């Protein structure tokens, strides 16, 4: 509750035979927050004796509610961060595992292609060596273009 009290007073201090001088006095008081100023509380008490206690109790309940809500939001943010962290670790594990298995499979196929060439099957050996290399190059460039397009989409 924001309060602004303004009081204007005009006083005449000169006799009526002289020019009248007046003085303007302005008193401004401000308060911010749910609890009014002590003077205002005294005025409320004049209206009803339990009104100041009810106003203060209302402010205390509101503050307790805000604290509970803020704590709940912090818990949600902490839970969301934990979930995102687990998802990132899982994605990293999948990507790393995929790269390791792709490397192993490529090495095995290239070795088998080499063995085919040594055994006299030149065409089959070259196909066995070149095919996985073309596949790796294709995946590499596809990943680059996918990353570029997702970067431009997010801007």
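The values are calculated or read from the model by the stated rules, or taken from the named source; none is laboratory data. Given the structure is predicted, the values throughout are model-derived calculations rather than measurements. Ideal geometry is used to build each Cβ from the backbone, glycine not excepted, and the neighbour counts take in all protein chains shown.
Filtered by the rule that a residue be surrounded by 13 or more Cβ atoms within 10 Å (Cβ to Cβ) and either touching a helix residue (DSSP H, G or I) at 6+ places or on another chain (Cβ under 7 Å) or part of a helix (DSSP H, G or I) (or both), segment 112-126 gives 112, 113, 114, 116, 117, 124, 125, 126. Candidates 64, 46: the one that is part of a helix (DSSP H, G or I) and surrounded by fewer than 10 Cβ atoms within 10 Å (Cβ to Cβ) is 46.
Every test in (1) surrounded by 10 or more Cβ atoms within 10 Å (Cβ to Cβ); (2) modelled with pLDDT of 90 or more is passed by residue 74 save one, and that test is (2).
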